[in-house]
Structures are given as structure tokens and as C-alpha cells.
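Engineer: My questions will all concern the structure given below.
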């Protein structure tokens, strides 16, 4: 089954029932994005750190208890400074990376109550795909399929106060297209960043009139990929994606309806 078909299935969950009541929310915000790489046997740590902008859409099947469906989507874009090093002399170089990406996720929620709060146990499967363009000409396309597990402690709509949640994410299929054939190599083998558990969390305040202010944290952790091999200028090169970590701290305004 292709990536596009799987992504379409996740999106279709948002349209699971056109007649059933549902909770929708949309939001927009800004996030501080940090990406850091660490190559085994090297003290060099290329880093990116800057702002990105994001739009969100979420649908949750209406229900007071039991199993419920949910869908969430995210679009994000931004340009961040990139501090790296030249390959041979290890001279520091500063440039920029442009990001554009999309996330789809379908969830199954087990809903209970804890006092006046709704306690949701969340399990989900999602797809995060982004393009990273370095210095306007070097392109890398990432695709990450992942599982999510966590909890959410929420209040019914129009109830003012704090709420939040958090949990774990685990990639189960990763790929990176570094477009090596456009960088002077005679082939373009695909890289597969290694899989590692990451964390997510959010804390929100609902004003009581359908508006929330939400602070959130998201992350990825990838171990170093297995090497792939390509030739350039008659020489054979071993190419890896270094161990990588992503940390994102964001703030968004959310409207529920």
C-alpha cells in the first residue's frame, strides 16, 4: 500500500460520519524549531534554530464515554538559520534552511471522566512529511510514519480553566530522499533514519468562550541511519544520516466549534 493511499485513509477518518455530532477546532501559531545532528566519531554538531509557522485542524467524534475517532492535521512552514561545517576542512558555515511540511494523524480515543474533566486515553497512527531546502538548492525530503500513545485531560467546551496532556511517539517507517543524484552522485539511494522514542506535551488555558491559548512541545529522535553507497567522480562514498534530534516549543490560539 503506497504512502499516498495510507495518508488518504487517515484524512478520510475526518469524514467518518457526516451526520454524527462532532467537535472541531482550528488553530494557528508560531513555534521555535531546533534540529541538531551528531555524527558518530565526530565532535561536530550542525544545528538549526529558528521560527516556523503552523496551521492546525482537528476533528473529534462527539461522545461522553467509550471509544471515539479523531483526526488531526498540521501544515507548517518557515526559514531557520543553519550552522554547519564544510565536509573536508570542517570550516564553520552559516546558511539557511527552508521547511514546508504536513502531518496527518488518525486516533482512537477511550474516554472516561475524572471529576469534571474528560480523561482520554489516546492511541494513534500518523504520517509526518516535510521538505528541507538548504541554501535554496540542496533538497531533502523526509517521510515518517509513527505511532502515538498518551493521555489528555480536558474540559467540556465553554468551561474555563487549564487542561493538557502528553505521551510518547515512536516512528515505525522512516525514509529520507537526499536527492544525491542532484548533488553530483551517479545514483540516489534512500536513507532510513533510525527509530527512537520521542515525547510530546501541551498545556492550555480555555477562556470559556471557545478560545484556548495552547503551549506545546513536540519532538523527534532518530538514531544514525545505516550507510548507503554512491559514486561521484569515480570514487565510492558511504553516506549516512547522522543521529538527529528535533525539539519544538510552540504557542497557538485555538478556536473550537
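The values are calculated or read from the model by the stated rules, or taken from the named source; none is laboratory data. Since the structure is predicted, the reported quantities are computational estimates derived from the model, not experimental observations. In this analysis, Cβ positions are derived from the backbone assuming ideal geometry, glycine residues included, and neighbour counts consider all displayed protein chains.
Engineer: Just name the residue that is farthest from residue 77 (Cα to Cα) out of those in the range 124-151 that are over 16 Å from the mean Cα position of the chain (by Cα) and part of a strand (DSSP E or B).
Structural biologist: Here the answer is 151.
Engineer: Kindly indicate the residue of the range 154-182 that is surrounded by 15 or more Cβ atoms within 10 Å (Cβ to Cβ) and more than 30 Å from residue 226 (Cα to Cα) and also farthest from the chain's Cα centre (by Cα) among those meeting that condition.
Structural biologist: 155
Engineer: Moving on. Has the range 142-158 got any residue that is touching a helix residue (DSSP H, G or I) at 6+ places or on another chain (Cβ under 7 Å) and modelled with pLDDT of 95 or more?
Structural biologist: yes
Engineer: Still on this structure: Condition first: touching a residue at least 40 places away in the same chain (Cβ under 8 Å) and either within 22 Å of the chain's Cα centre (by Cα) or under 29 Å from residue 248 (Cα atoms) (or both). Now tell me which residues in the range 220-233 satisfy that.
Structural biologist: Within the range 220-233, 220, 222, 224, 225 qualify.
Engineer: Consider residue 224 against the criteria (1) under 22 Å from residue 51 (Cβ atoms); (2) surrounded by 15 or more Cβ atoms within 10 Å (Cβ to Cβ): it satisfies all of them except one. Which criterion is unmet?
Structural biologist: (1)
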